[in-house]
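Please read the structure below before turning to the comments.
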Amino acid sequence: MAKKKVYFTILAVFAFVAYTILAAQPIPPETTLSNNWIKTLDSSFDEFTEQRSGSSGGDGSFLIPFMLGNRFGYVDPGGRLLLNRKREKTISFSPEYWAEFDPAPRELLINDPRTGTEITLENSGGYPVFMDGRIFLVSKDQTSLTELNRKGEVLWRYDYEAILTCIDAAGGYVLTGTVDGMIDLLDGEGTPLFPSFAPGASRIPVILGCRISSDGSKLAVISGIDKQRFLFLEQYGNNDYRVTHHEFLKGEGFRREVQMAFIGNDTRVVFEQEEGLGIYDVRSRSTNTLPLSGHLEILDEEGKEDLFFYISSGSGREEKRFVALKLPEKELLNVPFKSGVSFLTRRGKDLYIGGGTTLASFSVNRR
């Protein structure tokens with residue numbers, strides 16, 4: 001009974017923060033966040049908590065994949081949980097597919113959250129990665145990439161000379177980086193569009209971040225350790241990509257994969273760096289660096305309407321902050337909260353935020 005009382009106290013605190021701090025908070029004068037719904041990921045409900053309807057969300061729209069602590073699943077924009085499961089193994093998921101697998105899977109099961117259909121792969125020899133509505137396998141030694149179709153059949157395979165360190169896919173293209181500091185861009189058939197490119201200029205040549213714009217015409221890369229560098233490449237002609245901007249970042253740089261994203265309909269690139277949050281403006285070819293409230297945990301990968309959101313963590317594991325920015329540099333909202341785990345994603349006007357075992361949705365409204 002005491003445990004149950006504590007649980008509901010935590011939920012009540014989260015709801016209070018959500019309604020009184022977030023929902024009522026103006027973000028600039030003409031913009032507000034209004035609450036849509038709050039859901040509790042109760043551990044007593046596993047698998048599909050509500051009956052599926054149609055081939056997508058319950059209201060005929062897309063699904064939002066979420067992960068909070070040891071639970072993962074899918075929710076539709078109306079707050080209807082279509083999957084709510086306890087995570088027991090490694091998870092890979094996207095709006096279209098999910099898979100849970102052992103460190104060395106012999107049999108791999110790929111699931112469609114909308115229909116419940118499954119793809120079974122025997123002796124897959126790799127780990128699944130789902131991007132751009134596509135199914136990829138990274139080999140166990142992380143030196144090859146394979147694309148599969150919806151039947152689990154191999155479409156193509158590309159082999160690398162070194163271990164893969166980052167992968168992104170958009171617009172039918174695939175961008176990869178490797179530990180030896182090489183960048184490759186592949187088309188829809190796995191064919192390289194230009195010879196492997198090495199940015200260089202660092203003591204340790206490794207690619208720690210790579211993102212591709214929605215149409216494949218722009219590439220963003222974080223390269224090297226001591227010094228670490230941000231590079232921006234643009235397409236000229238059919239398969240000709242040129243570096244149109246580069247800058248060295250302060251400090252030795254991260255020795256791990258760096259979070260980054262194209263936002264605002266590909267008009268900006270946001271990326272983490274030791275000095276703070278870097279925001280590169282594609283149109284002006286300039287970068288603003290904003291101090292971070294702690295360490296970046298999750299970033300909003302849409303950044304539409306010049307509004308950008310992120311969650312950071314402080315020195316304590318449960319010290320979190322929800323931050324809203326008016327791009328390029330004005331901080332509009334900075335709300336502290338406590339949670340061992342957190343979640344943030346954005347789909348159009350709706351923002352989805354999670355902490356503890358609670359998931360909430362807010363609409364970004366302009367008056």
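Which Rg and Dmax, in Å, describe the Cα atoms of segment 312-367?
Here Rg and the maximum Cα pair distance are 12.3, 38 Å.
So what are segment 277-358's ellipsoid semi-axes, whole angstrom, largest first, if each one is the square root of 5 times an eigenvalue of the alpha-carbon gyration tensor?
Those come to 23, 15, 9 Å.
Around R321, under 13 Å between beta carbons, what's the net of Lys plus Arg minus Asp minus Glu among the other residues?
In short, -2.
Counting only C-alpha contacts under 8 Å and six or more residues apart, can you give the relative contact order of segment 233-350 as a whole percent?
Reported as a whole number, the value is 15 percent.
Near L63, within a Cβ-to-Cβ distance under 9 Å, what is the net charge of the other residues, with Lys and Arg +1 and Asp and Glu -1?
-1
Take the chain, connect every pair of alpha-carbon atoms lying under 10 Å apart with a spring to form a Gaussian network, then pick out the residue of S94, S124, S313 with the largest mean-square fluctuation.
S124
Local charge sum around Y241 (other residues, Cβ-Cβ under 10 Å, Lys/Arg +1, Asp/Glu -1)?
Numbers: positive: K218, R242; negative: E234, D240.
Around Y241, the charge tally is 0.
Identify which of F101, F271, F93 has the largest mean-square fluctuation in a Gaussian network model of the chain, with springs joining Cα atoms closer than 10 Å.
Its mean-square fluctuation being the largest, the pick is F101.
Under unit Cβ charges (Lys, Arg +1; Asp, Glu -1), what dipole magnitude, rounded to 20 debye, does segment 264-328 have relative to its Cα centre?
Here segment 264-328 has a charge dipole of around 160 debye.
Among D215, D266, D300, which one shows the highest mean-square fluctuation when the chain is modelled as a Gaussian network with alpha-carbon springs under 10 Å?
D215
Step through the table entries K218/K326; K86/K326; K218/K349; K39/K338, compare each Cα-Cα distance with 27 Å, and write down the pairs that go over it.
Over 27 Å Cα-Cα: K86/K326.
Leaving out same-chain residues fewer than 8 places away, which aspartates and glutamates sit with a Cα under 15 Å from that of K140?
Within reach: D102, E107, E122, D159, E161.
Where only protein heavy atoms count, and the probe is 1.4 Å, what is the accessible area per residue for the chain in Å²?
That works out to 46 Å² for each residue.
Which value, to two decimals, describes the C-alpha radius of gyration of the chain once divided by 2.2 N^0.38 Å?
Rounded to two decimals, the normalised Rg is 1.01.
Cα gyration tensor of segment 112-213, axes a ≥ b ≥ c as square roots of the eigenvalues: rounded (a/c below 1.5), prolate (a/b > b/c) or oblate?
Judged from the Cα gyration tensor, segment 112-213 comes out prolate (a/c at least 1.5, a/b above b/c).
To the nearest 500 deg cm²/dmol, what mean residue ellipticity at 222 nm is calculated for the chain from DSSP H runs of n ≥ 4 alone, each contributing -39,500 (n - 2.57), summed and divided by the residues? List each step's numbers first, then the result.
Working: 1 runs with 15 residues, N = 367.
Helix-only estimate at 222 nm: -1500 deg cm²/dmol.
Report relative contact order for the chain in percent, whole number only (criteria: Cα-Cα under 8 Å, sequence separation at least 6).
So the answer I get is 12 percent.
Gap in Å between the Cα centre of segment 309-367 and the Cα centre of segment 274-298?
Centre-to-centre (Cα) distance: 17 Å.
Classify segment 55-188 as rounded, prolate or oblate, taking a ≥ b ≥ c as the square roots of the eigenvalues of its Cα gyration tensor: rounded when a/c is under 1.5, otherwise prolate if a/b is larger than b/c and oblate if not.
prolate
Magnitude of the Cβ-charge dipole of segment 140-206, K/R +1 and D/E -1, about the Cα centre, nearest 20 debye?
Numbers: 5 positive and 10 negative charges, 34 e Å.
With Lys and Arg at +1 and Asp and Glu at -1, about 160 debye.
The values are calculated or read from the model by the stated rules, or taken from the named source; none is laboratory data. Owing to the predicted nature of the structure, the values given are computational and were not obtained by experimental measurement. No Cβ is skipped: glycine too gets one built from the backbone with ideal geometry, and neighbour counts run over all protein chains shown. We work out accessible area using only protein heavy atoms, side chains counted, and drop any ligands, DNA or RNA first. Shrake-Rupley method; radii C 1.70, N 1.55, O 1.52, S 1.80 Å.
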